[in-house]
Amino acid sequence: MRSRWAVYAMGLLMAVGLAHCGGRRAAPVTIKGSDTMVILGQRWAEGYMAAHPGAVIQVTGGGSGTGIAALINGTTDICQSSRPMKDDEKQQLNAKYGQPPQEIMVAKDGLAVYVQEQNPVRELTIQQIKDIYTGAVTNWKAVGGADVPITAYGRENNSGTYVYFKEHVLNDADFAAAIQTLPGTAAVVNAVAQDPNGIGYGGAAYAKGVREVGIKSDAAGAAVLPTAENVKSGAYPISRGLFYYMRQAPTGAVKEFIDYVLSAEGQKVVTEVGYFPIQ
Amino acid sequence: MTSSTLPAALRRLPKAKPFDWGGRIFSGLTGVAALLVVLMVVVIMGNIIFFGWRTVTWEFLTAMPREGMTAGGIFPAIFGTCALVILMVVALVPFGVGAAIYLHEYARPDAWYTRAVRFSVNNLAGVPSIVFGLFGLGFFIQFVGRNLDRALGLDVVWGQPALMWAALTLALLNLPVVIVTAEEALRTVPREMREASLALGATHWQTIWSVLLPQALPGIMTGAILSVSRGAGEVAPILFTGAAYFLPYLPQLPTDQFMELGYHIFVLATQSPDVEATKPILYGTVLVLLLLTLLLNLTAILLRSRMRARLAGRTS
Amino acid sequence: MTTVPAASRPPLEARAAKQRRRLRWRERGITWLLRLCAFSAVAGLLLIMLFVFREALPILTDRETQKEASLRGFFSTPLWQPVGAVPKYGLTPLLVGTLKVVLVAMGFAVPIGVMAAIFASEFAPPKVRELLKPVIEILAGIPSVVLGFFALIVMASWIQAVTGAPSRLNAFNAGIALALGILPTVFTVSEDALRAVPRSFREASLALGATRWQTAWNVTLPAAGAGVAAGVLLGLARAVGETMIVLMASGNAAITSANIFDSVRTLSASIAAEMAEVVVGSPHYSTLFFLGGILFVTTFFINVFAGLFVDRLRRRLAGA
């Protein structure tokens with residue numbers, strides 16, 4: 001009696017399911033890694049699959065570290081990373097697969113520092129940002145703001161953004177333990193947008209509802225905002241490349257997808273999402 | 001001297017009883033505690049229903065997600081959850097019911113091996129769900145999967161997160177539930193049935209298969225349904241054994257990854273690229289998952305109460 | 001009895017004997033199959049222990065791993081920063097974080113759960129009791145990811161509005177959500193224990209002149225004590241091991257402090273957050289399995305302890 005209903009339910013589910021898949025699909029190209037790049041990757045995937053019916057691109061986030069680990073573990077075709085691979089990671093791949101990984105820069109990004117729009121502080125030097133994130137400075141008045149404590153937001157340690165920030169802004173010093181760790185740049189932006197005393201860092205593409213702080217290389221220099229020209233020309237001090245890594249030189253379906261990504265059409269998507277093209 | 005012999009005037013006096021402060025406060029507090037619980041449940045359900053009901057349309061349930069999860073539907077998550085749970089039940093119920101039959105029909109109650117099985121069942125129920133996830137990764141994917149790949153000469157097919165490993169991990173997680181409810185169900189079958197069947201010449205197994213199991217079916221289904229409800233809701237065991245966030249296709253092989261309702265909620269809530277834009281979808285997904293698990297639990301409870309009523313009716 | 005011709009008797013008997021033998025073999029086979037099913041539970045538990053400890057073993061045995069992550073390092077380093085030029089695997093912030101969340105959760109769930117159970121079994125009119133049970137069942141049916149979602153999106157803002165805490169996601173937020181998760185366990189087991197106390201206890205107490213609350217507090221509750229303790233312990237085990245709620249609602253910052261309004265990072269959330277990014281076999285991988293081992297052992301012992309309490313309750317009530 002009950003089993004009859006179960007059969008009906010299963011039948012309905014299968015019918016709707018079959019309506020969605022039109023026959024056996026091609027082997028998917030898997031891309032895993034950076035949360036900074038995940039929307040970009042999904043947009044590319046959508047655009048590519050629309051232009052090439054039958055192709056399947058599968059994009060998952062989890063952080064650049066996740067992607068690199070997946071590349072080493074063999075569970076992904078392409079690793080999207082918002083930081084360059086470290087030497088020991090490249091060595092692990094070399095040792096395991098007999099050749100070093102293929103690195104392709106697919107976009108450029110400016111690492112912005114956000115504050116809430118009402119925050120009076122509009123520019124910071126790299127040293128000040130470092131002091132805030134290592135815990136040396138804990139009050140906004142030390143950097144020219146009101147006399148309130150700073151709530152600093154950061155990323156989980158599997159994030160390429162986290163690692164890049166640690167290496168290039170903190171010069172490998174430890175983050176203060178009190179930094180609020182959030183799992184994605186969007187979460188950081190969201191938190192800063194709701195917190196008048198908050199400060200956060202992340203890809204420039206995500207800055208909605210927050211203000212990007214002008215960065216000065218030193219106390220005397222001019223404050224530079226992460227605009228397209230500044231990032232492309234290199235005037236913005238914290239700009240980075242966004243990379244695709246593969247275990248070997250791309251062939252077949254992977255190569256076609258990479259060609260699309262590097263083409264004019266693909267790079268247009270980069271600008272739409274808010275990053276900067278490689279040219 | 002009984003009250004009937006007391007003078008009438010004395011009988012009419014009110015009894016001197018001090019106001020029971022401690023008692024009133026205490027019972028009042030317990031009532032407040034109960035009220036608090038009800039209030040919290042009402043608030044949670046109300047919030048989710050209020051913000052989510054508008055999103056849940058037929059299109060939402062049957063369409064694929066679009067535009068970076070800010071539009072479209074969650075069908076792949078529903079499909080993935082169903083596929084996961086079906087595989088889990090297929091793997092789980094034979095083992096669980098078999099174990100329950102063994103415990104109830106064959107095993108000596110105080111033998112060391114019976115106690116070992118009961119001990120394992122009780123403690124398996126208490127293992128944290130994230131440890132099950134680690135087990136799925138360490139045993140199913142790294143050990144069984146990798147060795148399977150090596151034996152079949154494949155590159156990396158079984159040795160990575162897949163629907164099958166996630167289903168098996170959940171099956172182990174829910175094994176105690178099925179064993180306990182199936183045993184309870186077997187206990188409701190009256191002795192006379194078994195004795196009559198054996199007296200007519202049936203073997204032990206024939207009796208179990210043809211007489212006991214059909215009678216115990218409602219209870220067994222209770223266990224299966226409860227396990228489905230838990231399997232659909234647990235996210236920690238599938239975090240690194242197979243769930244994925246953006247899959248443009250539906251899982252067709254047991255080696256595919258899959259989208260899943262609970263995992264989708266987790267990623268949308270914590271890692272969504274645009275929190276405000278995806279909030280309606282998030283609430284809709286939560287509502288769908290909640291309705292699914294509550295419906296399943298309700299069915300299980302109804303089945304169980306019917307079973308218990310039958311047992312009570314017989315023994316009274 | 002009709003006489004059967006001698007010629008046709010042997011074949012029939014032979015066939016019957018063969019059938020009986022086949023049945024016997026089938027029975028034996030099925031018995032073995034069922035035994036296998038039962039031992040799958042034992043095997044499952046053993047395998048979990050084996051494989052979790054196996055992947056964590058390099059911490060204790062392998063020199064290479066110990067250069068980066070060692071038992072001594074776990075307790076001597078004050079920081080948990082496993083990703084960086086010099087990885088730091090200090091367990092102290094994680095242990096403190098887990099403790100804080102569990103304390104907040106137990107602090108709310110135990111009083112409210114036990115008191116509500118007393119209300120349901122001692123004071124509530126039958127209609128109210130019939131309302132309370134489905135509510136608890138609904139709460140029990142809410143998946144932990146939904147509780148974590150609610151704490152993250154809704155409750156954190158409310159708590160921040162009321163308390164003005166600087167961190168929106170903190171131990172208090174996660175603790176309350178966790179309390180909601182373990183409340184059904186504490187309530188159900190306590191209520192069952194209270195209901196199981198024989199009526200004669202209550203009636204004797206009332207007959208001696210005690211009020212209903214005096215009976216409940218001084219007679220029924222102590223009599224059900226072992227069961228209530230079991231419920232509390234089971235809730236504790238669940239609180240220690242719970243992952244999704246703390247992963248979403250606690251802020252995940254490895255801070256060591258006494259303030260419950262600070263963000264925390266628990267053992268379970270660290271495993272869940274970092275497992276995806278580790279390379280199989282690396283010291284980080286082994287460390288995360290080690291954390292899993294700690295969780296397993298802790299909850300195992302709590303559950304065994306709780307089981308002893310249930311036994312004691314059963315024996316006491318049966319003997320009374």
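Every number here is computed from the coordinates shown, using simple stated rules; none is lab data. Since the model is a prediction, treat every value here as computed from it, not as a measurement. Please note: Cβ atoms are built from the backbone with ideal geometry, for glycine as well, and neighbour counts cover all protein chains shown.
Things worth noting here:
- Applying the Kirkwood pairwise sum to the alpha-carbon positions of segment B:129-210 produces a hydrodynamic radius of 15.9 angstrom.
- For the residues B:I130, B:I225, B:I74, a GNM of chain B with alpha-carbon springs under 10 Å puts the largest fluctuation on B:I130.
- Counting only Cβ charges, +1 for Lys and Arg and -1 for Asp and Glu, the dipole size of segment A:198-279 around its Cα centre is about 180 debye.
- Hull-based mean projected area of chain C, where the convex hull spans the alpha carbons, in square nanometres: 29.8 nm²
- Mean shadow area of segment C:160-273 over all directions, Cα convex hull, nm²: 9.1 nm²
- Calculated FRET efficiency, A:H52 to B:L295, Cβ-Cβ distance, R0 = 30 Å: about 0.15 to the nearest 0.05.
- Based on Cα contacts under 8 Å between residues 6+ apart, chain B shows a relative contact order of 24 percent.
- Across the options B:P161, B:Y245, C:A229, the greatest Cα extent toward the positive end of the charge dipole of the protein assembly as shown (unit charges at beta carbon of Lys, Arg, Asp, Glu) belongs to C:A229.
- Range of Cα positions in chain B per principal axis (Å), largest first: 102, 67, 35
- Annotation: extensible slack from A:N139 through A:Q194 equals 18.0 nm (criterion: 0.36 nm per residue apart, minus Cα-Cα distance).
- The phi torsions of segment B:23-31, fed into the Karplus equation with coefficients 6.51, -1.76 and 1.60 and a -60° offset, translate into couplings of x, 4, 4, 4, 5, x, 4, 4, x Hz, rounded to whole numbers, with Gly and Pro shown as x.
- Residue among A:N139, A:V210, A:M49 farthest towards the positive dipole end of chain A, charges placed on Cβ: A:M49
- Taken as Cα centroids, segment A:75-101 and segment B:264-308 sit 39 Å apart, rounded to the nearest whole angstrom.
- From helices alone, chain C scores -23500 deg cm²/dmol at 222 nm; the rule is -39500 (n - 2.57) for each run of n ≥ 4 DSSP H residues, then divide by the residue total.
- Three-way shape call for the protein assembly as shown based on the alpha-carbon gyration tensor, with the a/c threshold at 1.5: oblate
- Note on segment A:120-279: Cα-Cα pairs beyond 29 Å make up 24% of the total pair count.
- The share of C-alpha pairs in segment B:170-316 whose separation exceeds 24 Å stands at 50 percent.
- Charged-residue dipole, Cβ positions (Lys, Arg, Asp, Glu), chain A about Cα centre, Debye nearest 20: 840 debye
- Pair-distance profile P(r), taking every C-alpha pair of segment B:20-168, with 10 angstrom steps and integer %: 9, 17, 22, 25, 18, 8, 2, 0
- Pairs of Cα atoms in segment A:58-172 fall into 10 Å distance bins, from 0 up to the last occupied one, in shares of 12, 36, 26, 17, 8, 1 percent.
- Gain on full stretching of the segment that runs from B:A116 to B:T70 - 0.36 nm per residue minus C-alpha separation: 11.5 nm
- Classified by the C-alpha gyration tensor, segment C:70-214 has a prolate form. Its axis ratio a/c, with a ≥ b ≥ c, is 1.5 or above, and a/b is larger than b/c.
- Listed residues B:F51, B:A224, A:Y97: farthest to the positive end of the dipole of the protein assembly as shown (Cβ charges): B:A224
- Once the C-beta distance of A:E117 and B:V43 is scaled by a Förster radius of 30 Å, the resulting FRET efficiency is 0.40 to the nearest 0.05.
- Shown for segment C:1-107 is the translational diffusion coefficient from the Stokes-Einstein equation, using the Kirkwood radius over Cα pairs, a temperature of 37 °C and a viscosity of 0.692 mPa s: 160 µm²/s.
- A compact globular protein would have a Cα radius of gyration near 2.2 N^0.38 Å; the ratio found for segment A:124-169 is 1.22.
- Centre-to-centre, using Cα atoms only, segment C:207-255 and segment B:226-260 are separated by 33 Å.
- Spherically averaged projected area in nm², based on the convex hull that wraps the Cα atoms of chain A: 18.9 nm²
- Other-chain or far-sequence residues with amide H under 5 Å of C:W80's (modelled H): C:G90
- For chain B, the longest principal axis of the Cα atoms and the long axis of helix B:261-271 meet at an angle of about 80 degrees.
- Distance (nanometres) between label positions extended 7 Å along Cα→Cβ at C:L103 and B:E59: 5.2 nm
- Difference of contour (0.36 nm per residue) and Cα-Cα distance, B:E276 to B:N147: 41.9 nm
- Highest mobility in the GNM of chain B, judged by mean-square fluctuation with C-alpha springs under 10 Å and restricted to B:A236, B:A171, B:A224, is found for B:A236.
- For the protein assembly as shown, a crude dipole built from +1 on the beta carbon of Lys and Arg and -1 on the beta carbon of Asp and Glu, taken about the Cα centre, is about 4300 debye to the nearest 20.
- Amide H contacts of C:A253 (H built 1.01 Å from N, under 5 Å, at least 5 apart or other chain): A:T181, C:V264, C:R265
- If the convex hull is drawn through the Cα atoms of segment C:147-220, its volume per residue in Å³: 110 Å³
- When you restrict to C-alpha pairs under 8 Å that are six or more residues apart and normalise by the size of chain A, the relative contact order lands at 25 percent.
- Helices in chain A, meaning DSSP H runs of at least 4 residues, each add -39500 (n - 2.57). Divided by all residues, the mean residue ellipticity at 222 nm is -12000 deg cm²/dmol.
- Inter-label distance, C:R21 to B:L35: 7.8 nm, where each label sits 7 Å from its Cα along the C-beta direction.
- Tail beyond 16 Å, pair distance distribution of segment C:256-320 (Cα, percent): 65 percent
- Under the combined filter of DSSP loop state and at most 15 neighbouring Cβ atoms within 10 Å, segment B:53-113 retains these chymotrypsin sites (Phe, Trp or Tyr not before Pro): B:W53.
- Order by protection proxy (mean Cβ within 10 Å, highest first), peptides C:81-94, C:256-269: C:256-269, C:81-94
- Alpha-carbon centroids, segment B:134-149 and segment A:103-172: separation in whole Å: 40 Å
- Taking label positions 7 Å along the Cα-Cβ direction at both C:A14 and B:R108, the computed distance is 4.0 nm, reported to one decimal.
- Sorted largest first, the principal axis extents computed over the alpha-carbon atoms of segment A:96-155 equal 57, 23, 18 Å.
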